[in-house]
Amino acid sequence: MSWLLPLLGFLLGSIPFGLLMGKIKGIDIRQHGSGNIGATNVFRILGKQSGITCLLLDFTKGLVPVLIARNMVEPMLAEQQFTAQSIEVLTALASIMGHNYSPWIGFKGGKGIATTAGAITALMPFGLVLLILVWAIFTFTTKYVSVGSIAAAASLPILVITGSAYHGKLANGTWNKPLFIFSLIAAILAIWKHRANIARLKAGTENHIGQKKKEDSA
């Protein structure tokens, strides 16, 4: 039964909240701005309130499945710690993949930043605080949201390595290998989804904070 939790994560992650919010207002968010269904594009096309709502909903898609998984695998901790950890991180990755590649919209989706943040909150809450700090420093120093997102993603595995003994009760003071693998895959996914932004940064055409946006960056 526990191994069905990643499926739950994928299904919840695949709910295209940004698209649904646009439909409610008679707008296909995919036909405006960057065409991305993530919170950043929703913010720019539908407004601040809709953007924040979408951000919270996408965040919840990563948070809730992992919290459910943690509760379900708790009885396994004593004798099957590695298995319990693996189920947790697989559920987290599945929720991110569901958001990034939703089957309901042709296996397309957002860039997974908010959903990843939700999953990280469940897996390592203090880690999210540090990631937000990294994001803020790079974003407001460079004036590029994409740079902040990429920097935060790249720092995730480093945070796991340096703080592995403090990632909640599943770590129990030991090296949490599944969590480290999750951090690597999540970082690679986030950076891969920002490949167009990276190309524009190299070309000097990436939109910065305060500039009218042509392409979503989170």
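The values are calculated or read from the model by the stated rules, or taken from the named source; none is laboratory data. Treat the numbers as computed from the prediction; the structure is a model and nothing was measured. When we count neighbours, we look across all protein chains shown, and the Cβ atoms used for this are built from the backbone with ideal geometry, even at glycine.
A few comments on the model shown:
- Taking region 1-63 and the helices (runs of 4 or more DSSP H) fully enclosed by it, the elements with 1 or more residues that are among the basic types (Lys, Arg) are at 17-24, 39-46.
- Tabulated pairs, region 57-76, first among the basic types (Lys, Arg), second part of a helix (DSSP H, G or I), C-beta under 7 angstrom, 6+ apart or interchain: Lys61/Leu12; Lys61/Gly13; Lys61/Ser95; Lys61/His99; Lys61/Thr115; Lys61/Gly118; Arg70/Glu88; Arg70/Ala122
- The residue that is surrounded by the most Cβ atoms within 10 Å (Cβ to Cβ), counting only those in region 51-99 that are touching a Pro at 6+ places or on another chain (Cβ under 6 Å) and small (Gly, Ala, Ser), is Ser95.
- Among the residues of region 73-89, none qualifies, meaning not one is in contact with a His (Cβ under 7 Å, 6 or more places away or on another chain) and of a type outside the set (Gly, Ala, Ser).
- Restricting the search to helices (runs of 4 or more DSSP H) fully inside region 109-188 and requiring at least 1 residues that are of a type in the set (Phe, Trp, Tyr), modelled with pLDDT under 95 and in contact with a helix residue (DSSP H, G or I) (Cβ under 8 Å, 6 or more places away or on another chain) gives 125-142.
- Residue match in region 47-55 (condition: in contact with a Gly (Cβ under 7 Å, 6 or more places away or on another chain) and not polar (S, T, N, Q)): yes
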